[in-house]
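Asks: Take a look at the following structure, please.
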Amino acid sequence: MFYVGDKYKLLKEIKKYFPSEINKFVEPFVGGGSVFLNIKAESYYLNDIDSYLIQIHQFLCKKAHHPEVFFQEIEFWIKKYGFSCSFKKDIVPKELKLQYKKTYYAHFNKTPFEKLKADFNQSEKSDMLKLYLLLIYGFNRMLRFNAKGDFNVPVGNVDFNKNVYQALQNYFEVVKNKKIEWFNQDYRNFLKELYLTSRDFIYLDPPYLITFSEYNKLWTQIQEKELIKTLNELHQKGLRFAVSNVISYKGKTNEVFKKWAENFTIIPIKSNYISYHDNSHKKFEEVLVCNYL
């Protein structure tokens, strides 16, 4: 999916602590889906509060059985709007590459991106193919909408390359063989509606309270305490869970979560977290907390 907050680079590190046998795999904050795509389970129950994100997942799942049709459609719109597509052919002029050595994709794709964004916002907000193109060509793979409900991410310094193509192929190959149910709810309501047993497993990757990315900015102390309350309820029911979080970041400490986590198994994670405000690695402590180890 190439989505902000993605856990792909951390998968090898965190999945080795997951249970070896899972009936229902449950993700209340599914995001780009890299975790569920790489976990073996009997069935998958996947939720996110972002309705557009869930719609994109559902759209791609429907295309999984006929990927050739999807790629024909996406190539049509890439050509129609005039985006670069290095997977097929390098069409960025040499002069532009010399003038903007590190940002030539952003300069080349800015005009088609703004046109696509305007079309989507004006009359095509149900077109998930076009929204997915905005996600691929947008800054830091973000889905962000303003108060009017308009997509408002600027163009990114990226294009449709072989990595995007291969990731989509992998996504299609995996989801067509999985039993998946999608949900678009507040995570608390989502969890309350599910019938879960000790054979199931819940992985939570909520927004991080003390980091500064767009993805996390609406998460407050109130939401953090509600999360801990929910986790305690899951534990009391005898349900297995693992939760990712950042305990310290740039001199700040998430005292509420840190104190709560001391009651369970805390596993330090070598994180790849990058602040999207300055694109530099900062001193932080990311952990995986498990209630079954």
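The values are calculated or read from the model by the stated rules, or taken from the named source; none is laboratory data. Model, not experiment: these values are computed from the prediction. Glycine also receives a Cβ, built like all others from the backbone with ideal geometry; neighbour counts cover every protein chain displayed.
Asks: Would segment 54-74 turn up any residue that is among the β-branched types (Val, Ile, Thr) and more than 21 Å from Leu133 (Cα to Cα)? Before the answer, list the steps.
Replies: Our first condition is that a residue be among the β-branched types (Val, Ile, Thr); within segment 54-74, this holds for 54, 56, 69, 74.
Next, from what is left, pick out any that are more than 21 Å from Leu133 (Cα to Cα): none.
Looking through segment 54-74, none of the residues is among the β-branched types (Val, Ile, Thr) and more than 21 Å from Leu133 (Cα to Cα).
Asks: Can you pull out every residue in segment 1-59 that is acidic (Asp, Glu) and either under 22 Å from Val289 (Cβ atoms) or touching a helix residue (DSSP H, G or I) at 6+ places or on another chain (Cβ under 6 Å) (or both)?
Replies: Of all residues in segment 1-59, those acidic (Asp, Glu) come to 6, 13, 21, 27, 42, 48, 50.
The answer is Asp6, Glu13, Glu21, Glu27, Asp48.
Asks: Moving to a separate point now. Of the residues that make up segment 136-146, is at least one at negative phi, polar (S, T, N, Q) and surrounded by fewer than 17 Cβ atoms within 10 Å (Cβ to Cβ)? Spell out how you get there, then give the answer.
Replies: The first filter runs over segment 136-146 and keeps only residues at negative phi, leaving 136-139, 142-146.
If we keep only those that are polar (S, T, N, Q) too, we end up with 146.
Still in the list and also surrounded by fewer than 17 Cβ atoms within 10 Å (Cβ to Cβ): 146.
Among the residues of segment 136-146, at least one is at negative phi, polar (S, T, N, Q) and surrounded by fewer than 17 Cβ atoms within 10 Å (Cβ to Cβ), which makes the answer yes.
Asks: Further question on the same structure: Looking at Phe71, is it assigned by TED's automatic domain parsing to the domain that holds Ala118, in contact with a Leu (Cβ under 9 Å, 6 or more places away or on another chain), in a loop (DSSP other than H, G, I, E, B) and surrounded by 15 or more Cβ atoms within 10 Å (Cβ to Cβ)? Spell out how you get there, then give the answer.
Replies: Values: assigned by TED's automatic domain parsing to the domain that holds Ala118: yes; in contact with a Leu (Cβ under 9 Å, 6 or more places away or on another chain): yes; in a loop (DSSP other than H, G, I, E, B): no; surrounded by 15 or more Cβ atoms within 10 Å (Cβ to Cβ): yes.
Against the criterion (assigned by TED's automatic domain parsing to the domain that holds Ala118, in contact with a Leu (Cβ under 9 Å, 6 or more places away or on another chain), in a loop (DSSP other than H, G, I, E, B) and surrounded by 15 or more Cβ atoms within 10 Å (Cβ to Cβ)), Phe71 does not qualify.
Asks: Got a number for residues in segment 225-243 being surrounded by fewer than 21 Cβ atoms within 10 Å (Cβ to Cβ) and either closer than 23 Å to Arg144 by Cα or in contact with an Asp or Glu (Cβ under 8 Å, 6 or more places away or on another chain) (or both)? First the steps, then the outcome.
Replies: So in segment 225-243, the residues surrounded by fewer than 21 Cβ atoms within 10 Å (Cβ to Cβ) come out as 225-226, 228-230, 232-238.
From what is left, the residues that are either closer than 23 Å to Arg144 by Cα or in contact with an Asp or Glu (Cβ under 8 Å, 6 or more places away or on another chain) (or both) are none.
Residues meeting the conditions: 0.
Asks: Which of the numbered conditions does Glu21 fail, given that it passes all the others? Conditions: (1) over 30 Å from Pro268 (Cβ atoms); (2) surrounded by fewer than 14 Cβ atoms within 10 Å (Cβ to Cβ); (3) modelled with pLDDT of 95 or more.
Replies: (1)
The rows are residues; the columns are (1) out of contact with any Ser or Thr (no Cβ under 7 Å at 6 or more places or on another chain); (2) surrounded by fewer than 20 Cβ atoms within 10 Å (Cβ to Cβ); (3) assigned to a loop (DSSP other than H, G, I, E, B).
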| site | (1), (2), (3) |
| --- | --- |
| Phe120 | yes, yes, no |
| Lys125 | yes, yes, yes |
| Leu129 | yes, yes, no |
| Leu133 | yes, no, no |
| Lys148 | yes, yes, yes |
| Val158 | yes, no, yes |
| Tyr171 | yes, no, no |
| Leu191 | no, no, no |
| Thr197 | yes, yes, yes |
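Asks: Tell me the residue from Lys102, Lys88 that is basic (Lys, Arg), exposed (fewer than 13 other Cβ atoms within 10 Å of the Cβ) and in contact (Cβ under 8 Å) with a residue 12 or more places away in the chain, please. Please lay out each step first, then the result.
Replies: Details: Lys88 fails: exposed (fewer than 13 other Cβ atoms within 10 Å of the Cβ).
The match here is Lys102.
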